[in-house]
Amino acid sequence: MKKKIVAMMLVSVMALSMLAGCGEKQSADTGKTKTEDSADEVKVVDGYQMVSPEDAVEKAGELHVLDVREWDKYVEGRVVNSEWCPIFPLEDESLVEKMTTYAEENLKDGKEIYIICNSGARGAQKATKVLKDAGIDEKLIFTVEGGAKALAKVDKALTTNRVDEAIDWQYVKGADVLKETDAQIVDVRDDDTYAKGHLKGSKQVALKEIESADAQTAAFELAETLDNTKPVYFLCYSGNKCAKTAISVFKDAGFPVEKLFIIENGAKDADISAAFVK
């Protein structure tokens with residue numbers, strides 16, 4: 001009789017153990033968690049969910065890859081389709097308000113957020129707090145392990161090429177732009193070409209070297225002088241790479257992409273070239 005009771009107790013203990021293992025599992029020695037909703041393991045370090053640099057590169061465009069580094073580091077090499085919203089310098093508390101606004105306007109769509117900082121530590125931790133305070137579910141917030149330093153070791157993970165962004169590029173005919181009064185027109189051709197002929201009243205920033213960090217910085221600085229509530233029309237050589245690069249930079253500067261347009265065929269457009277002045 002005693003043997004039967006002991007056997008029944010052992011069966012009960014095993015059944016309870018199996019039930020306890022359902023749902024969320026955590027390994028004490030690996031610090032990894034696994035949920036019913038995902039077969040992927042996520043490393044948890046000091047309470048922060050970590051993902052690999054390779055995963056961030058692969059998922060960019062499907063979810064939010066948020067780069068929180070300073071502009072001068074970000075512009076030197078970024079993940080394609082990443083979003084820029086700096087939290088550095090960490091002592092600049094005005095950036096907290098800007099990130100909060102950015103989160104409320106762009107990140108509350110239920111998608112996961114992968115944070116890239118310099119090394120995957122202090123910047124990502126502060127950004128995580130800001131996002132949580134902004135009402136983002138902490139289960140959706142992840143840190144790219146090792147940050148930009150780790151990404152730099154992954155082949156082609158960081159780039160200055162912006163023409164392959166997952167942006168809905170919008171085109172407009174030159175004749176329609178010329179009908180507008182006080183249109184914000186940005187000519188992204190080189191200095192000499194611009195001097196030979198350009199649209200009256202247009203602004204100019206040379207983006208012929210589309211992968212140049214200095215050229216992209218100059219475009220960013222120009223963007224800060226324009227009105228981001230009004231449309232901007234970009235004129236380049238033929239309406240392709242230079243204009244796309246400018247749109248990506250202006251997006252980083254806070255312009256809604258729906259207000260950014262490429263003049264179709266660029267300077268090759270007959271209406272545009274006929275309106276050039278020197």
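Quick note: the coordinates plus some simple rules give every number you see, no bench work behind them. The model shown is predicted, which means the values in this text are computed figures rather than measured ones. Positions of Cβ are backbone-derived with ideal geometry, glycine not excepted, and every protein chain shown enters the neighbour counts.
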Quiz prompt | For peptides 68-74, 245-251, 159-165, sequence by mean Cβ density within 10 Å, most packed first | solution = 245-251, 68-74, 159-165
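Starting with the fewest neighbours, write out 87, 116 ranked by other beta-carbon atoms found within 10 Å of each beta-carbon.
Details: 87 26, 116 30.
Exposure proxy ranking, most exposed first: 87, 116.
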Quiz item: Once amide H atoms are built 1.01 Å from N in the peptide plane, which residues 5 or more positions from residue 65, or in another chain, come under 5 Å H to H?
Solution: 83, 114
Self-check item: Between 0 and 90°, nearest 10: helix 241-252 axis offset from the chain longest Cα axis
Solution: 60
Quiz item: Along the positive direction of the dipole of the stretch 208-278 (beta-carbon charges: Lys, Arg +1; Asp, Glu -1; about the Cα centre), which of 210, 277, 220 reaches farthest?
Solution: 277
Practice problem: Quick one: what are the phi-derived ³J(HN,Hα) couplings along the stretch 183-188, Karplus 6.51/-1.76/1.60 with θ = phi - 60°, whole Hz, x for glycine and proline? | Solution: 5, 7, 10, 10, 8, 9
Quiz item: Taking the Cβ of residue 61 as the center, what net charge do the other residues with Cβ under 12 Å away carry, scoring Lys and Arg +1 and Asp and Glu -1?
Solution: -3
Quiz item: If you place +1 on the Cβ of every Lys and Arg and -1 on the Cβ of every Asp and Glu, how big does the dipole about the Cα centre of the stretch 130-223 come out, in debye to the nearest 20?
Solution: 120
Practice problem: On a 0 to 90° scale, report how tilted helix 122-133 is relative to the longest principal axis of the chain, with both axes built from alpha carbons and the result rounded to the nearest 10. | Solution: 80
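Please tell me which of these pairs span more than 21 angstrom C-alpha to C-alpha: 129/156; 129/259; 43/126; 108/241; 203/268? Kindly include the intermediate steps, with their values, before the conclusion.
Values: 129/156 30 Å; 129/259 31 Å; 43/126 19 Å; 108/241 31 Å; 203/268 18 Å.
Distance filter (> 21 Å) returns 129/156; 129/259; 108/241.
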Self-check item: Within the chain, helix-based [θ] at 222 nm, where runs of 4 or more DSSP H residues each add -39,500 (n - 2.57), nearest 500
Solution: -10000 deg cm²/dmol
Practice problem: Run the numbers on the stretch 114-185 and let me know its relative contact order in percent, using alpha-carbon pairs under 8 Å that are six or more apart. | Solution: 31
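For the chain, what is the relative contact order in percent, using Cα pairs closer than 8 Å and at least 6 residues apart in sequence? Provide the component values of the computation, followed by the final result.
Values: 461 pairs, mean separation 42.0, N = 278.
Averaging sequence separation for qualifying contacts and normalising by length gives 15 percent for the chain.
Sort 226, 235, 158 so the one with the fewest other Cβ atoms within 10 Å of its own Cβ comes first. Before the final figure, lay out each step's value.
On the way: 226 15, 235 27, 158 20.
Fewest-to-most Cβ neighbours within 10 Å comes out as 226, 158, 235.
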Self-check item: J(HN,Hα) series, the stretch 104-121, from Karplus relation 6.51 cos²θ - 1.76 cosθ + 1.60, nearest Hz, glycine and proline x
Solution: 5, 8, 10, 10, 9, 10, x, 7, 5, 10, 9, 9, 10, 10, 5, 9, x, 10
Practice problem: List 244, 173, 196 from most exposed to least, where exposure is judged by having the fewest other Cβ atoms within 10 Å. | Solution: 196, 173, 244
Quiz prompt | Relative contact order (%) - criterion: Cα under 8 Å, at least six apart; region: the stretch 45-204 | solution = 26
Self-check item: Rounded to 5, the percent of DSSP beta bridges in the chain classed as antiparallel
Solution: 30
Self-check item: Debye, to nearest 20: dipole size of the stretch 177-238, +1 on Lys, Arg Cβ, -1 on Asp, Glu Cβ
Solution: 360
Quiz item: About its Cα centre, what dipole magnitude does the chain give when the only charges are +1 on Lys and Arg Cβ and -1 on Asp and Glu Cβ, stated in debye to the nearest 20?
Solution: 860
Exercise. Could you work out how far helix 2-20 tilts from the main Cα principal axis of the chain, as a 0 to 90 degree angle to the nearest 10?
Key: 10
Practice problem: Counting residues in the chain as N, plug N into 2.2 N^0.38 Å and put the Cα Rg over that result. | Solution: 1.34
Practice problem: Please name whichever of 249, 42, 101 sits farthest to the positive end of the charge dipole of the chain, dipole taken about the Cα centre and charges placed at Cβ: Lys and Arg +1, Asp and Glu -1. | Solution: 42
Exercise. Could you tell me which GluC sites (Glu not before Pro) in the stretch 203-278 are loop residues by DSSP with no more than 14 other beta carbons within 10 angstrom of their beta carbon?
Key: 209, 211, 224
Quiz item: From the phi of every residue in the stretch 55-71, what ³J(HN,Hα) in whole Hz does the Karplus formula 6.51 cos²θ - 1.76 cosθ + 1.60 yield, where θ is phi - 60° and glycine or proline is x?
Solution: 5, 5, 5, 5, 8, 4, x, 8, 9, 8, 9, 9, 9, 10, 7, 5, 4
